[in-house]
Amino acid sequence: MIIGESAENYLETIYIIAKKKSAVRSVDVAAELGYSKPSVCVAMRNLREKGYILTDGDGLITLTDKGTEIAENVFQRHETITNWLMRIGVSSDQAAIDACRIEHVISRESFECLRKSEENFK
């Protein structure tokens, strides 16, 4: 399933917020990403229309199974790439920044090889 970088970022952010808090709202996503509330509302509508999230009458956002699968994959790529970069000497802050960019463009083949190599260091 191929979706855009922006949608992946939103889904990953919802996933991360949901791990920290019991409820996720658009304002939480806006605050986490530093985006305007109207921009986030448009993005949430698009994600809802594509079946990645559900929203209720109180504005609570929940990932669907499809949205959760994507968010978990992006989160795993982010964590793996961040750890790999730090292991080779990149500072934690820079590793996190670079991982945010790499996680969206790395091929499945390259990521699987990177993931397997990281497992050897555990």
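What follows is calculated from the coordinates using simple rules that are stated; it is not laboratory data. All figures in this text were calculated on a predicted structure; none of them were measured in a lab. Cβ sites come from the backbone with ideal geometry, for glycine too, and all protein chains shown count toward neighbours.
Figures for the structure shown
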| read-out | value |
| --- | --- |
| Of LYS20/LYS50; LYS66/LYS116; LYS50/LYS116, pairs whose Cα-Cα distance is over 29 Å | LYS50/LYS116 |
| Global geometry of region 5-64, whether rounded, prolate or oblate, following the gyration tensor of its Cα atoms and the 1.5 cut on a/c | rounded |
| Note, ³J(HN,Hα) from phi for region 33-50, Karplus 6.51, -1.76, 1.60, rounded to Hz, x at Gly and Pro | 8, x, 9, 6, 4, x, 4, 5, 4, 5, 4, 5, 4, 5, 5, 5, 5, 8 |
| Radius 12 Å from Cβ of ILE3, net charge of other residues (Lys, Arg +1; Asp, Glu -1) | -2 |
| Contour excess over end-to-end distance, with Cα ends at MET86 and ASN46 and 0.36 nm allotted per residue | 10.9 nm |
| Positive-end residue of THR64, HIS78, VAL105, charge dipole of the chain with Cβ unit charges | THR64 |
| Gyration tensor (alpha-carbon) shape descriptor, region 70-119, a/c threshold 1.5 | oblate |
| Convex hull (Cα only) mean projected area of region 30-122, reported in nm² to one decimal | 7.5 nm² |
| Mean-position separation - Cα centroids, region 25-70 and region 102-122, in angstrom | 28 Å |
| Karplus-derived HN-Hα couplings along region 67-73 (A = 6.51, B = -1.76, C = 1.60, θ = phi - 60°), whole Hz, x at Gly and Pro | x, 5, 4, 5, 4, 5, 5 |
| Total formal charge among the other residues, if their Cβ is under 13 angstrom from that of ARG48, Lys/Arg +1 and Asp/Glu -1 | +1 |
| Residues with amide H under 5 Å from that of VAL24, placed H, sequence gap 5 or more | ILE61 |
| Dipole magnitude of the chain about its Cα centre (Cβ charges: Lys, Arg +1; Asp, Glu -1), debye to nearest 20 | 120 debye |
